[in-house]
Structure formats: structure tokens, C-alpha cells
Amino acid sequence: MKLTPSPSARRSRLRRTLAATATLVVVAGVVAYATTGANAATPPVTPLAEAHVANPYSGASVYVNPDWAAKANAESGGSRIANQPTGIWLDSIAAITAPSGSGYTTSLRQHLDNALAKGSKLIQFVIYDLPGRDCAALASNGELGPTDIGRYRTEYIDPIAAVQADTKYGNIRIVNVIEIDSLPNLITNADSQDGATEACRTMKANGNYVTGVQYALSKLHAAGTNVYNYIDAAHHGWLGWDSNFTPAATLFASTAQGATGGYATVDGFITNTANYSALTEPYLKISSSVGGTSVRQSKWVDWNQYVDELTYTQAFRTQLISAGFPSGIGMLIDTSRNGWGGSARPTAASTSTDLNTWVNQSRVDRRIHAGNWCNQSGAGLGERPKAAPATGIDAYVWMKPPGESDGSSSLIPTGPSNPGGKGFDQMCDPSYGGNPRNGNNASGALANSPVSGAWFSAQFQELMRNAYPAL
Ligand code: BGC
């Protein structure tokens, strides 16, 4: 069950949309055209936008991005997955209209028109252009400076909301994933913790992450009853510790309360976006122990309360509801690259009596450290996109398009291989020894990667090879 606007809220929204074109009579929750004057013979109302549903993914065919599908199809073996729906990242102002020479091929409106033409029921966008974006890393820093909140509103969110509000698209469920990494960075990287950055402190101090997310929630929610907002809730290896978990839910709640429309602007949350955390650890449980010592004391788990995304996501949903969100919120999990199959995948729990050895041999997530996030070596495609796969989960989705890089493994100057002037983060360099945010471990990144968002054929091939479930 998901939040559904009360009949009166739904009516008032319909009223707002229809007011310009018709006179409305509202009787006992039923909206009808007035049977007077020129409108006397008007047939029964066709709603301009589909009413909000509990889980938008239920029974919905999800739009396949033709640009991503073409790249996947061009890869040997890629046709096996090219028909999967992936997220469309509106990662700059130019992505909205895709002007010629911008490097974008399909505008927001063209994607929606394609969806109409193909009869897709649901389409997924990632809203990703906050002022001072990606404050704890460098590979996805955005075009807007820390104080550019005015431009974020008028040049980014307003035009997106205007297109999404077009009643022509009223029968398509439009999912917006709101601003990856932003609010989580305010929890863990903006104070005096090890690994905190000046850029994140700035964004906490000036409030523009919170203000921007509130503006996005307000405007996109108001775009229509067919529009659904999901806020990014990081992943278990980020917010799974007690010291982060509860404060994050509290921040999400106060942020939503400050949006116009409050909690109703939020349909749910997404976890693991563009990350690699395993969906389920079949042999390692948080309750496991080795010789009487809890796995929470191992280097890998390091006192976290969760070892995988499904347990984290379900528990975080409960926490969000305690923090004030309606009990109908639903969760999404990005399973695009968290499969961890292939020959290195363990097939049983370890028999070692050493705690760290046991954990390392039993876990399917083969990363060096759970804080590693860039082009992880050994990863595979995860669960295929699927509606309502588990309690509280609206869908498994592929929000990060497999094959698109997380960042370049060395600095690539602005030029033909880096037209957008993307930054370089050492976490994408396989020879980097790490920082406090990954426990000063090696980055575990693949070599020879292009800038974030660019096609990375070698990674795409490895993801297919290590898919779990296998292709
Ligand atoms: C990049 C975006 C890209 C997205 C999807 C992000 O890391 O910053 O430019 O669209 O990944 O691949």
C-alpha cells in the first residue's frame, strides 16, 4: 500500500488542471462537466492524469531507453539485456532539451513521446543537478556552483516540471529519483567526521541541498497525479550504522515536511543507486558469529547493523515510517550492478575459524571495502528489473545504466574524450590507496575507464559475465 492522495486532494488537483478549460461540478467525490451552455453535450470526463496508485510499478511496462539499448545492442551478447528498462539521467540543464552539439541525443519530451508511442506505462528519470553536486567526490561534480539555487529552480526543475505536467503524458507513470548522494552526504561528510569535505560542509551550511530537494519534491509532485518521487537513501555501507541511520531518517522527514505538500510529495526511497552492495548475502547474516564472536566485529562489517541491501532497505523503510512518513511509502533498490556472480562467487559459508577469513570467504560482495563505489572490479548484473519483489519494495530497478562508467581511472582533460569537463576522483584509479571514507583501502576500480556516464565496454562485458542471476 502506498500513499494515495485523499479524494479531496485529488479533486483539488484535478480542479486546478481542468479549471482553464471547463466548469466543474463536484458531487460526492465525482468530477463531472457542467451540463449547461456550450458544454451541454460534452461526453463523460476522461481524467487528464491517471490517479496515484499504491505501487506505480505494479502491472506497468517500463520504458526502455533507446539510446542505452543501442549501446547495449552494439556489444557482443548485449542483446540479451538490451530490452531492460534503465534510468534516464537528467544530469544537466542541457539534458532536458538535448540541443544539437550538447552530446545528448534525446530530450525529456522526446523520451516521453517515445514512451507514448511504444505504449510504455512507466518511465524513470534521475533528477541530478543540485548546486554543489557530489560534494564528497570529484567524478560527478555538477555544473551548478554551491550557491546556484536560483538557476537550479528556474533553469532545471521548472522546465522539467513543465514537461512532466503536460497532460498528454497523463497516463504514463513518471518516476523521479531525487538527487543521488546529496542528503546522505549531509549526514556523514559535512561535519568533523573522518573524511568530511569542505565542499559538503559548505552545502550543509548554505542549506542548498535541502532547499533544492524540497523544491524538486514540491514542483514535481505538483506536476500531476501520475508523477512519483523517490528520494535517494544511499546504501547499507553508507547509512547502515546506528549513528547514521536514525539521523538520516530524521533529515529526510524534516526535508519532506518543508516541501509544499509535505510527506505527500514523497512516494518512497531508493537505495543502492549506482552502487554495488549485494542485494542478499546468502551465507553471511548480521546474526552470524564465528567462535562466539559476532560478524559485526569483523573488518568487513565493522559494526554495521546490515550486511546487504534488502535487509537494510526494509529496515530503513520502517525507520522512515517511525520518523513520520506515511506507512504507504515504497522502496526501490537499484540492482543494476550488484549481482556478484561468476566463478569467484562463494557457494557455501566458509569453514574457517578465523573471524575475518570466515566473513571474507562467505560474502558474495567481493569488494575490498563496502565504501568502494567506482567501477568495481568483479561486479555483475544483479536481479533483473521486477515489480513488487519483496515486502515494502515497489521494485528492483536498473537506475544506473550498466556499461556507463562511474568515473575515469586517470585525469582526462576537457576535450574529445571529456566534452563535459568531468572531474577525476582517485577512487576510480585502481592504484589509489584510499581515504577515510573507504577505510584507506585500495579502490578496487577497473583500469582504463572513461569519464562518468561514458560507455565502458570492458565493464559492460564483465557485468554480463558475472551476472547473478546468470544471463
Ligand atoms: C554521471 C552522470 C551519468 C550517470 C549515469 C553519473 O555518475 O555523473 O553523468 O548520466 O552516472 O551513467
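Note on region 113-158: among residues that are assigned to a helix (DSSP H, G or I) and open to solvent by less than 40 Å² (accessible area, probe 1.4 Å), the one that is farthest from the ligand (Cβ to nearest atom) is 150. Filtering region 428-448 to residues that are among the polar types (S, T, N, Q) and within 16 Å of the ligand (Cβ to nearest atom) leaves only 443. The residue that is surrounded by the most Cβ atoms within 10 Å (Cβ to Cβ), counting only those in region 345-368 that are in a loop (DSSP other than H, G, I, E, B) and free of Cβ contacts under 8 Å to residues at least 60 places away in the same chain, is 366. Against the condition open to solvent by less than 10 Å² (accessible area, probe 1.4 Å), out of contact with any Pro (no Cβ under 8 Å at 6 or more places or on another chain) and either farther than 30 Å from residue 402 by Cα or at pLDDT 95 or above (or both), how does residue 251 come out, does it pass? Judged against the criteria, residue 251 is not a match. Could we say that residue 378 is open to solvent by 10 Å² or more (accessible area, probe 1.4 Å), of a type in the set (Gly, Ala, Ser), outside any helix (DSSP H, G or I) and within 16 Å of the ligand (Cβ to nearest atom) here? So residue 378 does not fit the description; no. Residues in region 260-282 that are in contact with a helix residue (DSSP H, G or I) (Cβ under 6 Å, 6 or more places away or on another chain), small (Gly, Ala, Ser) and open to solvent by 10 Å² or more (accessible area, probe 1.4 Å): 261 only.
Report yes if residue 180 is within 16 Å of the ligand (Cβ to nearest atom) and not in a helix (DSSP H, G or I), otherwise no. It is true that residue 180 is within 16 Å of the ligand (Cβ to nearest atom) and not in a helix (DSSP H, G or I). Checked against (1) within 16 Å of the ligand (Cβ to nearest atom); (2) under 23 Å from the mean Cα position of the chain (by Cα); (3) without any contact (Cβ under 8 Å) to a residue 12 or more places away in the chain, residue 451 meets all criteria but (3). When the criteria are applied in full, residue 286 fails the requirement of being within 30 Å of residue 463 (Cβ to Cβ) and assigned to a strand (DSSP E or B).
Scanning region 70-86 for residues that are open to solvent by less than 10 Å² (accessible area, probe 1.4 Å) and out of contact with any strand residue (DSSP E or B) (no Cβ under 8 Å at 6 or more places or on another chain) gives 72, 78, 81, 82.
Taking region 409-437 as the range and being modelled with pLDDT of 95 or more and under 25 Å from residue 335 (Cβ atoms) as the test, the residues that pass are 409, 425, 427, 428, 430.
The number of residues in region 383-416 being within 16 Å of the ligand (Cβ to nearest atom) and either open to solvent by less than 30 Å² (accessible area, probe 1.4 Å) or among the acidic types (Asp, Glu) (or both) comes to 13. The set of residues in region 159-177 that are in contact with a helix residue (DSSP H, G or I) (Cβ under 8 Å, 6 or more places away or on another chain), among the polar types (S, T, N, Q) and not in a helix (DSSP H, G or I) contains only 176.
So is residue 198 without any contact (Cβ under 8 Å) to a residue 60 or more places away in the chain, open to solvent by 40 Å² or more (accessible area, probe 1.4 Å) and not β-branched (Val, Ile, Thr) or not? So residue 198 passes the test.
If you filter region 87-112 down to residues that are more than 12 Å from the ligand (Cβ to nearest atom), in contact with a Ser or Thr (Cβ under 9 Å, 6 or more places away or on another chain) and in a loop (DSSP other than H, G, I, E, B), you find that the one that is most open to solvent (accessible area, probe 1.4 Å) is 99. If I filter region 417-425 for residues that are surrounded by 17 or more Cβ atoms within 10 Å (Cβ to Cβ), in contact with an Asp or Glu (Cβ under 7 Å, 6 or more places away or on another chain) and either assigned to a loop (DSSP other than H, G, I, E, B) or on the phi < 0 side of the Ramachandran plot (or both), do I get at least one hit? Scanning region 417-425, I find no residue that is surrounded by 17 or more Cβ atoms within 10 Å (Cβ to Cβ), in contact with an Asp or Glu (Cβ under 7 Å, 6 or more places away or on another chain) and either assigned to a loop (DSSP other than H, G, I, E, B) or on the phi < 0 side of the Ramachandran plot (or both), so the answer is no.
The values are calculated or read from the model by the stated rules, or taken from the named source; none is laboratory data. In this text the structure is predicted, and so the values were computed from the model without any measurement. For neighbour counting, all protein chains shown are included, and Cβ atoms are generated from backbone atoms with ideal geometry for every residue, glycine included. Protein only, heavy atoms only, side chains kept; ligands, DNA and RNA dropped before computing areas. Shrake-Rupley method; radii C 1.70, N 1.55, O 1.52, S 1.80 Å.
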